[in-house]
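Accompanying notes for the structure given below.
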Amino acid sequence: MRNFKRIKSALLSRKKSAYYGFWNLAISPFGRALCKFFKRPDGSLNITPIFILSLPRSGSTLVYQSLVSYIPSVYISNLHNTFPGTATRSLKKRSKLGNNLLKYRNYYGYAYGENGVNEGNHFLDKIFQIENEAERKEAFLSFLKNMDLGDHEVFIFKNIKHSQNLSSLKKWMPNLKVVYLERDNEMVAQSIFKAYLELGYFNPIPKELESIEFTEDPHRFTARQIKSLKKEIEAELLSFASNDIYKLKYEDFCKDPKQYCNEILQRFELDLTLRNIHINLSASQKITINQEDYKKLQSNLQTIE
């Protein structure tokens with residue numbers, strides 16, 4: 001039922017990013033199977049990894065697209081999802097890394113085109129399902145080598161689902177940097193609630209809410225999800241030094257994305273030059289659900305600790 005509702009929503013959206021996302025999901029198992037017949041890359045681990053951290057529905061995919069467009073970097077693309085061992089080399093050779101990524105925006109994290117950003121759920125889900133810590137680390141580092149980065153390159157990635165595993169990523173990549181993206185709580189709440197109405201579920205669900213049936217009071221569950229996930233994020237960030245964290249307001253970023261990309265380079269002491277492009281963004285303040293639902297969300301956000 002859950003998958004049917006998501007597929008139906010994507011088809012009715014008339015968005016190219018939605019169509020491309022599901023097409024990529026369909027063909028990727030065949031591409032990954034084919035890659036097993038080729039020699040795996042042995043990329044460098046001497047890199048600067050940057051993780052985009054945020055609540056769901058906070059504009060993180062749009063910021064992800066913008067960062068890798070401005071900042072010369074490697075990221076998980078749709079092509080990596082299909083041909084993981086050859087994607088970086090192929091996209092670099094054709095100058096497609098970070099090129100023209102915002103043309104079709106995105107649909108619930110799905111982006112358009114072979115060079116469109118991807119959260120890498122297939123890879124990270126498999127890694128974090130491994131019970132043994134040493135084997136889990138080995139699997140992640142193997143995935144990182146397969147990304148085929150060169151020495152000192154920047155690797156930018158984001159995954160809302162695995163934000164709760166940030167401290168593990170920090171152990172495996174001691175120089176990991178974090179861009180912590182925040183958005184107005186009411187805008188986040190209405191977007192999460194709208195996604196629930198369209199898709200039929202909440203994602204991710206905080207650990208302390210896993211046993212709660214969200215359909216009984218989805219307005220309250222939305223507010224609790226936001227508050228609980230924020231607590232989890234703050235706990236994960238305790239393992240980071242302050243100079244390894246850059247806090248960013250979504251509304252501010254949309255006003256001048258290039259300025260904030262420059263500030264990120266400065267904070268993390270990266271000697272890079274931004275690409276000479278212009279990205280025009282706007283942070284919507286539009287209420288996209290009915291007023292009754294919106295008022296219930298407001299009330300729950302105010303009353304839940």
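Observations
Matching residues to (1) in contact with a His (Cβ under 8 Å, 6 or more places away or on another chain); (2) surrounded by 14 or more Cβ atoms within 10 Å (Cβ to Cβ); (3) among the hydroxyl-bearing types (S, T, Y); (4) at positive phi:
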position	(1), (2), (3), (4)
E198	no, yes, no, no
P206	no, yes, no, no
R220	no, yes, no, no
I226	no, yes, no, no
C261	no, yes, no, no
T288	no, no, yes, no
Q302	no, no, no, no
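- Test: residue in the range 269-276 that is surrounded by fewer than 17 Cβ atoms within 10 Å (Cβ to Cβ), charged (D, E, K, R) and farther than 23 Å from K103 by Cα: yes
- Count of residues meeting criterion [in contact (Cβ under 8 Å) with a residue 12 or more places away in the chain and part of a loop (DSSP other than H, G, I, E, B)] in the range 239-288: 17
- Single residue of F193, F202, F221 found to be aromatic (F, W, Y) and either part of a loop (DSSP other than H, G, I, E, B) or in contact with a strand residue (DSSP E or B) (Cβ under 9 Å, 6 or more places away or on another chain) (or both): F202
- Under the condition of being at pLDDT 95 or above, farther than 14 Å from H80 by Cα and not in a loop (DSSP other than H, G, I, E, B), the residues counted in the range 94-119 number 0.
- Of all residues in the range 120-147, those that are within 20 Å of the chain's Cα centre (by Cα), assigned to a loop (DSSP other than H, G, I, E, B) and either surrounded by fewer than 16 Cβ atoms within 10 Å (Cβ to Cβ) or of a type outside the set (G, A, S) (or both) total 2.
- Tally of residues being closer than 22 Å to N165 by Cβ and at pLDDT 95 or above across the range 207-230: 7
- With respect to (1) in contact (Cβ under 8 Å) with a residue 40 or more places away in the chain; (2) outside any strand (DSSP E or B); (3) within 30 Å of S142 (Cβ to Cβ), the lone exception for V179 is condition (2).
The values are calculated or read from the model by the stated rules, or taken from the named source; none is laboratory data. No experiment lies behind these values; they were computed from the predicted model shown. Because the Cβ atoms are built from the backbone with ideal geometry, glycine has one as well, and the counts that use them run over all protein chains shown.
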